[in-house]
Amino acid sequence: MTDSSLQRRAAFRRQVEARQGLLVAGVFNALSARIASDIGFQALYLSGAGVTNMSLGLPDLGFVGLDEMAGHTARVRDAVALPLIVDADTGFGNALNVRHAVRVLERSGADAIQFEDQVLPKKCGHFNGKEVISSAEMVGKLKAAVDAREDPNLMIIARTDACAVEGMESAIERAHRYVEAGADILFIEATERLGDIRRLPGLFRTPNLINIVIGGKTPTLDRAELADLGYGIVLYANAGLQSAALGMQRALKTLLEHGRLDEDPALVVPFAERQRLVDKARFDQLERAYAGQDR
């Protein structure tokens, strides 16, 4: 572990534990991470759904594995210096698989890792028909995750999908057990009632994460209001994905209809902006520095 990673994780933990509604953007590859960083977000979330949708063209039904998420984590970490939460779904198996996942993802550059209590293969938290494992099995997974990390400031996020399956009170009971197992952040997914959204942060000393899925089951509240309620993280896991898909639809439809596509800033980023986003000027400078000189 480098000093920079240790410092980044410690600072990120302090941000989350302040419970001031840190706004986190979901990303699905290195370029989306660069864009979110460039805009000014202070932390990122590598979305399993985002990787599945954008890399495989498949729905969020548990199709990505640890190797794919580790590869994306390493590429995002190489592209940006921001704190990075990595979605590890169910941990890709049992408690031993969770242990292995933590070791791999921590080395790949994760600053927090999220595990959920769904049955493998999982479903998007805002899909119907979810199933959950027993709370005892999830507790074992979380203990394995906590034991596996090398840096104690690598945060373990415990997500429960029990609200849709067993009801909110069961989800709250599970969350308390997950805190006892060592979870650093709680994530009660697909909370549908405003009253529950408003009361959840007050039930736990551990920071809560709320996930706003555009078009999903959880009502949308302003970040400022969620901060006042005491949420540690306000996550928009796939806002970037949905906006990117819309942008491609609009630009490519224009190309198909008109047979040409000009550098219209309403449809595409300019060529120069594209090169800025991938930091081409730095590589030009490096190329000049490394170029040999004839004598």
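Only the coordinates and a few stated rules stand behind these numbers; no lab work does. Just so we're clear, the structure is a prediction, and the values are computed from it rather than from any experiment. Note that each Cβ is placed from the backbone with ideal geometry, even for glycine, and that neighbours are counted across all protein chains shown.
When semi-axes √(5λ) of the Cα gyration tensor in Å is calculated directly from the model, which label among (i) 31, 25, 21; (ii) 30, 23, 17; (iii) 34, 24, 18 fits?
(iii)
Lys pairs in the chain, Cα-Cα under 17 Å, at least 8 apart or on separate chains: how many?
Within the chain, the lysine pair count is 4.
Would you look at the GNM of the chain, springs on alpha carbons closer than 10 Å, and say which of SER108, SER55, SER135 moves the most?
SER55
About the Cα centre of the chain, how large is the charge dipole given +1 on each Lys and Arg Cβ and -1 on each Asp and Glu Cβ? Please answer in debye to the nearest 20.
320
Can you list which of the trypsin sites (Lys or Arg not before Pro) found in segment 253-288 are DSSP loop residues with at most 10 other C-beta atoms within 10 Å?
Within segment 253-288, the qualifying trypsin sites (Lys or Arg not before Pro) (loop, at most 10 other Cβ atoms within 10 Å) are ARG260.
Return the FRET efficiency for the residue pair PHE127, ALA281: r is the Cβ-Cβ distance, R0 is 45 Å, and the value is rounded to the nearest 0.05.
Working from the Cβ atoms, E equals 0.55.
Starting from the Kirkwood Rh over alpha-carbon pairs, what translational D in µm² s⁻¹ does segment 60-184 have by Stokes-Einstein at 37 °C and 0.692 mPa s?
It diffuses with D of about 226 µm²/s by this estimate.
Top mean-square fluctuation among ILE212, ILE35, ILE185, Gaussian network model of the chain, C-alpha springs under 10 Å?
ILE35
Between LEU23, LEU235, LEU194, which gets the highest mean-square fluctuation from a Gaussian network model of the chain, Cα cutoff 10 Å?
Of the options given, LEU194 has the highest mean-square fluctuation.
Around ALA251, what is the net charge, scoring Lys/Arg as +1 and Asp/Glu as -1 over all other residues with Cβ under 15 Å from its Cβ?
Result for the local shell: -1.
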